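Asker: There's a structure below that I have some questions on.
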Amino acid sequence: MDYTEKIKKFYLKHVPGAKIEKQYLKAPCPFCQAKGVAKPGILVVYLNPESFFSGYFRCLNKCRPGGFALYFCQLMGIDPNEVPGYDSDREPYVRDIIFPIKNLKPDIIKFVSLMSPSEYEYFSDFGVSKAVLDELKIGYNGRYLVYPYYLEDGHSYAARCILPTREEDNFWHGNEKYFSKDFQIFEASEIDRCEDGALFVTAGENNLLIIREMGYPGVAVPSASDLEIISPERLEFIDHVFIAVGNTPEEQLSARTLASRLGFKARILKWPSQFKRGYTLSRLAREKGKDFRLAFSSMIKASKSFSPFTSPDKEHKTFYEVLERDKGKDLLGLPSGFKKMDQAMNGIRGINIMGGPPKAGKSCFFMQVSTDMARLKTPVIYYDFENGRQKIYSRTLSRLSRCSEKDIRKNSADEKISGRLRKAHSEIRNMFQYFRVVTDRSLNPEIMSRQIDFLQHETRRDETVVVVDSLHKLPFKDLSDRRTGIDSWLRHMEAIRDEQNVAFFVVSELSRDSEGGYTKKPDLGAFKESGDIEYSADNAMILLPDWDPFDPISTSNRQSSLWLVASRENNPGKIATYHLEYPLWGFREE
């Protein structure tokens, strides 16, 4: 026997005069009769086996809130063990609260009495009836609508007051202790009434009123950003949680955050593509009128159990698009401007970490590669914590113009020099369309990800090169444990690489050997405080100078060897020898 059949037998046994009409059970409401109502309402139980709300009961007279079978047992004094699927060993959710003696009951009665036809008309504009307003005891204080927040004990100690025509104008009324986030769940008692059933979670009290008008149970928080208030423990015994928020990226993100904490029981209602950004349930109800119920039901049916994974169809489409994009390419990655480097690494892609002793030219090397890539219209963000943007720009100008910085400052009258400078300035001006230098020391992975999005949008390109100079000077939360901070940054770079199509150039320091110097042997173990480099780096390189950076005599021939010491896809070994054309700040691949 399936669950719906078991629930049907349960209600037929315990509801006097119950009859089955299609997919509903109907009977004179026993709760109206217990109150001595002269004309009892009709108790309706939904029994559609394909509905998530199968087993939900409610009185059409709204004599009391509806709920699922366990709540029905509580009201009728029935042993809960008679409910199909009941687990007698589970621990109920409780909060350690001592409720005050004084509550808002007198205020709420007063506010309800102040409701006038104009207030009721405000709600009827988006389909909410007086019966629902009375059931939830919505009131009016003469200027603001008053929404009482009832807690587990059935009393309200705080209410949110909202200006009807401007919802951002609001304040809390009542006991200040109950203004805090812990108590900001509107109609929180619905959670207990919906155990072993389904429940809506929405943002904004008016959106909940609309859901209640259609006969569904639900709770609300003041805004989508407040969805974080709701803990998984609070909804542990709810089988299905429908999250209904507005049609904006921010609200949808808040919904996904809650859903990721709730797991597969969560189902986010998605807005059909024909609805523009900014739609809410109340706006949809105003526009659709009587057709709103059908539109809302379609959103419920289209909802899917939340999964953090990409759908199989989307995953295949993405895979196919990448294959198509790479067809006919000589290199899988982006060209760097150095032929041997491109051949050794099959183009620039993934996380590329370069180490080297101090003054070996690591920054200068990446300045050249990244600016040349930007000149080829590849978007580049250069996160600089070493040199300063002016030095990056002046060295680039010197390299492109083939003029030393000293000659540039002299403002030579030589026409050849002036011509080279004009051409270099023009190239740099065009390069700036694709090249950004960031020196913000409050950088974090979230900011980095957003800045990459901005640059891709501004340049209309779907790939980006990110230079980090250097790994050991990135901002860390805990400066006392730099290695943990570095490894954390590398984990975030992996995610950004995969999600945003980013190639990284990362400058790293090397460890000193036992004699206090730097290794002459290119080895992965030489990287400083970076245990995760061997796992995170797609390519790990070491730039070793064949000259002594601290000997002024030897600097006339600044020749260095670049070694690929570890790679996921390429053979390690010497990439090439590079000659630094000082003072032009340019490397030449030998």
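Asker: Quick check, is PRO30 within 22 Å of GLU195 (Cα to Cα), under 41 Å from the mean Cα position of the chain (by Cα) and in contact (Cβ under 8 Å) with a residue 40 or more places away in the chain?
Answerer: So PRO30 fails the test.
Asker: Across region 29-57, what is the number of residues that are surrounded by fewer than 17 Cβ atoms within 10 Å (Cβ to Cβ) and either more than 15 Å from LEU75 (Cα to Cα) or among the polar types (S, T, N, Q) (or both)?
Answerer: Counting residues in region 29-57 that are surrounded by fewer than 17 Cβ atoms within 10 Å (Cβ to Cβ) and either more than 15 Å from LEU75 (Cα to Cα) or among the polar types (S, T, N, Q) (or both) gives 10.
Asker: Between a residue in region 396-421 that is within 16 Å of GLN368 (Cβ to Cβ) and any residue that is among the β-branched types (Val, Ile, Thr) and surrounded by 13 or more Cβ atoms within 10 Å (Cβ to Cβ), which pairs come within a Cβ distance under 6 Å, given they are 6 or more apart or on different chains?
Answerer: THR396/THR371; CYS403/ILE417
Asker: So, one more: Residues to consider are SER370, SER303; find the one that is in contact (Cβ under 8 Å) with a residue 60 or more places away in the chain and within 22 Å of LEU443 (Cβ to Cβ).
Answerer: Selected residue: SER370, the only one of SER370, SER303 that is in contact (Cβ under 8 Å) with a residue 60 or more places away in the chain and within 22 Å of LEU443 (Cβ to Cβ).
Asker: Being more than 22 Å from LEU562 (Cα to Cα), assigned by TED's automatic domain parsing to the domain that holds GLY361 and either modelled with pLDDT under 95 or not β-branched (Val, Ile, Thr) (or both) narrows it down to one of ASP523, ASP487, so name that one.
Answerer: ASP487
Asker: Would you say GLY67 is in the same structural domain as ASN207 (by TED's automatic domain parsing), within 30 Å of LEU284 (Cβ to Cβ) and not charged (D, E, K, R)?
Answerer: Taking the combined requirement at face value, the residue does not satisfy it.
Asker: With a cut-off of at least 1 residues that are of a type in the set (Val, Ile, Thr), out of contact with any Cys (no Cβ under 9 Å at 6 or more places or on another chain) and over 26 Å from GLY347 (Cα atoms), name the helices (runs of 4 or more DSSP H) lying wholly within region 410-512.
Answerer: Passing ranges, in order: 445-459, 482-500.
Asker: Here is a follow-up. What residue, of PHE385, PHE319, is surrounded by fewer than 21 Cβ atoms within 10 Å (Cβ to Cβ), assigned by TED's automatic domain parsing to the domain that holds LYS528 and either on the phi > 0 side of the Ramachandran plot or under 31 Å from the mean Cα position of the chain (by Cα) (or both)?
Answerer: Just a single option satisfies the conditions, and that option is PHE385.
Asker: Only one of (1) touching a residue at least 24 places away in the same chain (Cβ under 8 Å); (2) outside any helix (DSSP H, G or I); (3) under 38 Å from the mean Cα position of the chain (by Cα) is not met by MET115, so which one is it?
Answerer: Going through (1) touching a residue at least 24 places away in the same chain (Cβ under 8 Å); (2) outside any helix (DSSP H, G or I); (3) under 38 Å from the mean Cα position of the chain (by Cα) one by one, MET115 breaks only (3).
The values are calculated or read from the model by the stated rules, or taken from the named source; none is laboratory data. Because the structure is predicted, anything quoted here is derived from the model rather than measured. Glycine also receives a Cβ, built like all others from the backbone with ideal geometry; neighbour counts cover every protein chain displayed.
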